[in-house]
Amino acid sequence: FVVAVTIIGIPFLMGNVWIGALVVLALVAFFYIKRNKQMDLHWLNTIVVMAAVMLIGYGSYGVIVIRSAADPPMDQNSPDNMFALKSYLNREQYGDRPLIFGQYYNAPVQLDIEGNMCIPRRVEGEAQYTPKPTTEPNQANEYMVTGHKTTYKWNSQFTTLFPRMYSSSPDHINAYKQWGNIKGRRVTYDYCGQKKTDYVPTFGENLTFFFDYQVNWMYFRYFMWNFSGRQNDIQGHGGIEHGNWITGINFIDKALVGDFNKMPSELRENKGHNVYYMLPFLLGLLGIFFQLYSKKEGKQGFWVTFALFFLTGIAIVIYLNQAPLQPRERDYAYAGSFYAYCIWIGLGVLGLIKIVEKILPKPVASVIVSLAALCVPALMAQQNWDDHDRSKRYVARDFGSNYLMSLKPNAIIFTNGDNDTFPLWYNQEVEENRTDVRVCNLSYLSTDWYINQMKRGAYESAPLPISWHEKDYVLGKNDVVSVEDKIKTPININDAFNWLLSGDPQTLNTEGESFLPSTTLILPIDANKVIETGTLPASRADEIIPQITINLRRRLTKSELMILEMLRTNNWERPMYYAVTVGDDYYLGMQNHFELAGMAYRILPINKAGGQGVDTQETYDNMMHKFRFGNIADSSIYLDENTLRMCNTHRAMFSQLAQALYQQGDTARTLEVLDYSLQQVPGYTVRHNYISTMMADLYYKLNEPQKGDDLIVQVADDCVEYLDWYFSLSKSQQRGLSNRISHYMAVLNQALRFADQARRDAIMEKYLPAFNKYAQASEVWK
């Protein structure tokens with residue numbers, strides 16, 4: 001027994017060899033003391049069997065290590081060794097969060113005074129290991145310590161048991177204050193010799209956030225989606241219009257989320273609007289009572305089922321300790337809890353049979369109740385079918401292809417999120433589409449394992465132009481580099497990187513870390529090389545600028561350093577692009593050197609004052625002849641919120657292309673682009689919004705007033721519907737809607753402003769009274 005438990009590793013689960021050794025010795029001592037006494041071996045056998053089953057389960061992760069060792073093109077976290085696998089299984093890339101004891105969101109760090117400086121007090125954790133870079137093919141593999149996990153020691157006045165509000169992100173802090181209704185308690189503390197005053201959330205406010213947000217909004221709401229009904233499939237952050245649970249019973253829903261009949265048609269017609277009239281929920285309650293009143297065996301069964309329900313539901317809520325403003329709905333995390341409730345639903349049918357048996361014979365009762373109960377799953381199937389049916393929908397495949405078709409041969413494209421990365425990988429891996437392109441995800445580019453992968457070839461794509469040695473980007477090295485204006489003048493990017501990577505003690509700052517010595521970098525341009533590589537044709541030689549000036553922030557991540565590294569080493573050999581959906585935080589201030597080519601901005605040695613330009617010829621050819629649109633013009637296709645967001649991105653690119661063509665005086669192709677965009681991304685599946693008002697403006701300029709009117713009317717109608725609904729809500733229900741009201745007021749105003757002067761009166765006659773009413777009501781409401 002001792003050998004089995006030791007081999008499986010149970011004594012060492014805390015990651016400490018000495019604790020494991022003590023546990024093993026304690027087991028040996030226990031059995032030594034019991035050696036002459038009769039023992040019940042059943043519990044020993046049960047423990048070994050349980051541990052063996054766990055070992056078999058975790059043994060399946062061996063497939064991950066085997067796959068990673070084969071160096072496939074997609075190898076997230078590269079778990080080809082035990083330390084990388086441990087990090088992968090622990091999901092360490094998502095960071096840590098306090099559970100039992102920890103800090104509030106505004107906790108200051110404890111400071112130690114050293115001479116004239118106040119140094120944050122750090123707590124050194126376990127060592128971080130990574131494979132040691134090898135220099136020879138047959139060199140033995142070794143691991144080296146690259147650093148230690150470190151945490152800060154927080155001021156004790158700002159810490160608490162069961163911390164729920166810990167994130168210091170400004171957006172999260174604002175959400176904490178709203179959800180927790182925080183007033184706080186005033187505390188005075190010493191901060192580096194100064195007396196400071198701040199307000200700390202009370203423990204009651206901490207629990208308010210836990211129950212209102214983490215339990216109610218992030219669990220009970222999902223629970224009721226499955227067993228009562230769902231308002232729509234639009235992600236909600238606490239507002240009354242998106243993602244709430246409903247019943248389908250109007251007088252109840254009116255109190256919860258407002259009158260369904262007054263809702264805007266966009267929300268009423270949402271395919272994610274599903275109602276079950278609480279029937280599954282009530283059947284489950286009946287099953288709970290059935291178990292509780294079924295003598296001893298029933299009560300035992302209830303506690304077993306409840307344990308499954310709780311441990312896969314509320315216990316996960318406590319463990320995840322989620323911050324507000326999650327990037328997506330997290331209902332999938334609690335599927336096990338919903339399965340457990342389904343057990344009670346099944347038992348509820350038995351309970352209903354027991355009740356009906358008191359009136360009718362048992363066989364008759366069983367048949368009647370069973371047939372009646374089948375109506376519940378039939379209702380759920382009918383309600384859920386349209387928003388779970390993915391047949392004929394090829395949006396992810398086609399939109400991923402559109403990104404790739406926007407690129408020149410042998411290109412590099414920087415992506416960031418899931419929607420602009422995974423569909424591209426699918427196209428390359430499965431469809432074998434544009435395998436000459438290298439997709440580089442900037443979220444991963446801050447990790448050493450991903451940089452290693454980018455330095456390898458994949459499919460028909462050559463390695464990325466990264467000259468750094470592994471020792472310079474290994475975990476813990478140059479993760480974040482400070483930018484200090486020591487030189488006071490711009491510096492050549494090659495000189496800056498030579499400084500950064502020199503390893504010379506004189507190039508380190510006062511904290512002994514590498515840094516960049518200037519806030520402005522110069523990337524020199526060789527015009528002949530630009531034309532020789534085909535980056536720009538000779539006809540555009542006069543547009544080539546002598547240098548690109550890059551103004552840096554005070555700190556650069558490893559991902560941003562790698563972008564700069566590729567810019568300087570690529571020397572315009574390979575076309576480099578940003579996906580249009582990458583946030584401008586990654587642009588490094590280079591927007592003036594971008595040119596749109598479809599669904600990607602190409603980095604070029606030109607300067608477009610006022611922002612990125614548009615390569616009208618290439619973008620026109622890509623969007624009009626090469627792009628596919630996944631059947632989104634078919635009204636029977638289910639388009640969820642994420643898909644609609646990507647559809648609107650395509651519409652925005654059509655609008656940008658049309659604007660550029662019109663500015664060039666190409667009115668024929670401008671009209672062609674506008675008409676084609678309405679054909680491929682029609683308003684009856686992808687509702688028109690503020691983007692469409694700019695398209696309407698172009699229609700008016702092209703002397704197509706009826707088409708412009710159609711867009712303006714559709715946008716204005718939607719705005720009026722939303723504003724009508726908002727102002728029909730009670731004052732308590734309107735809470736938190738000020739931004740939404742302002743948004744639709746602004747869009748309505750823009751829609752009316754873009755109306756052609758000759759037709760403005762007719763359009764304004766319809767909407768101006770409503771607009772004035774909302775404007776007045778909005779001022780009173782505010």
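The values are calculated or read from the model by the stated rules, or taken from the named source; none is laboratory data. Everything quoted here is computed from the prediction, not taken from an experiment. With ideal geometry, Cβ positions are generated from the backbone for all residues, glycine too; neighbour counts draw on all protein chains shown. Please note that ligands, DNA and RNA were not included when accessible areas were found on the heavy atoms of the full protein model with its side chains. Shrake-Rupley method; radii C 1.70, N 1.55, O 1.52, S 1.80 Å.
For the reader, a short list of remarks on this structure follows.
- Note on the chain: with charges restricted to the Cβ of Lys and Arg (+1) and Asp and Glu (-1), its dipole about the Cα centre is near 2920 debye.
- For the range 298-437, the alpha-carbon radius of gyration amounts to 1.69 times the rule-of-thumb value 2.2 N^0.38 Å expected for a compact globular protein.
- Heavy-atom accessible area, probed at 1.4 angstrom with all protein chains present, ranks Glu241, Glu92, Glu297 as Glu297, Glu92, Glu241, highest first.
- Whole-number percent relative contact order across the range 170-237, with pairs defined as alpha carbons under 8 Å at least 6 apart: 26
- Pairs from the list Lys86/Lys455; Lys707/Lys766; Lys86/Lys132; Lys488/Lys608; Lys183/Lys254; Lys86/Lys149 with a Cα-Cα gap above 21 Å: Lys86/Lys455; Lys488/Lys608; Lys183/Lys254.
- Alpha-carbon spread of the range 658-771, three principal axes, descending order, Å: 52, 29, 22
- Centroid-to-centroid, using Cα positions, the range 565-593 and the range 103-162 are 33 Å apart.
- Cα shape, the range 1-121, gyration tensor, a/c 1.5 rule: oblate
- Calculated FRET efficiency for the pair Tyr319/Thr135, C-beta based, R₀ 41 Å, to 0.05: 0.40
- For the chain, the solvent-accessible area with a 1.4 angstrom probe is 51 square angstrom per residue.
- Inter-label distance, Arg555 to Gln300: 5.7 nm, where each label sits 7 Å from its Cα along the C-beta direction.
- Inter-site label distance for Thr510 and Met50 at 7 Å from Cα along Cβ, in nm: 5.6
- Taking all Cα pairs closer than 8 Å and separated by 6 or more residues, the relative contact order of the chain comes to 8 percent.
- Residue order for Leu347, Leu89, Leu596 - accessible surface, 1.4 angstrom probe, largest first: Leu89, Leu347, Leu596
- Coarse-grained scattering of the range 528-683 at q = 0.10, 0.12, 0.20 Å⁻¹, given as base-10 log I(q)/I(0) from a Debye sum over alpha-carbon atoms: -0.44, -0.62, -1.30
- With q set to 0.20, 0.22 Å⁻¹, the log10 of I(q)/I(0) for the range 199-270, from the Debye formula over equal scatterers at the Cα positions, is -0.83, -0.95.
- Listed residues His148, His42, His237 arranged by accessible area, highest first, probe 1.4 Å: His42, His237, His148
- Ratio Rg/Rh, restricted to the chain and using Cα atoms, in which Rh is the Kirkwood radius: 0.99
- Percentage relative contact order, the range 127-178, counting C-alpha pairs under 8 Å, at least six apart: 29
- Under 13 Å from the Cα of Lys392 - aspartates and glutamates, other chains or at least 8 residues apart: Asp634
- Ranked by how many other beta carbons lie within 10 Å on average, peptides 487-495, 356-364, 635-643 from highest: 635-643, 487-495, 356-364
- Packing rank of 700-706, 399-405, 435-441, where each peptide gets the mean count of other beta carbons within 10 Å, highest leading: 399-405, 435-441, 700-706
- On the range 494-638, 43 percent of the accessible area sits on carbon and sulfur atoms, based on a 1.4 Å probe.
- Its Cα gyration tensor gives the range 205-327 an equivalent ellipsoid, and the semi-axes of that ellipsoid, as √(5λ) in whole Å with the largest first, are 29, 21, 11.
- Solvent-accessible area, 1.4 Å probe, carbon plus sulfur percent, for the range 6-154: 61
- Protection proxy ranking of 504-510, 22-28, 185-191, 339-345 - average other beta-carbon atoms within 10 Å, highest first: 339-345, 22-28, 185-191, 504-510
- Here the range 514-644 is assigned +1 on the Cβ of each Lys and Arg and -1 on the Cβ of each Asp and Glu. Its dipole about the Cα centre then comes out at about 440 debye.
- Sulfur and carbon atoms: percent of accessible area, the range 290-418 [1.4 Å]: 70
- Ignoring aspartates and glutamates fewer than eight residues from Lys262 along the same chain, the ones with Cα atoms less than 18 angstrom from its Cα are Glu241, Asp253, Asp717, Asp718, Glu721, Asp724.
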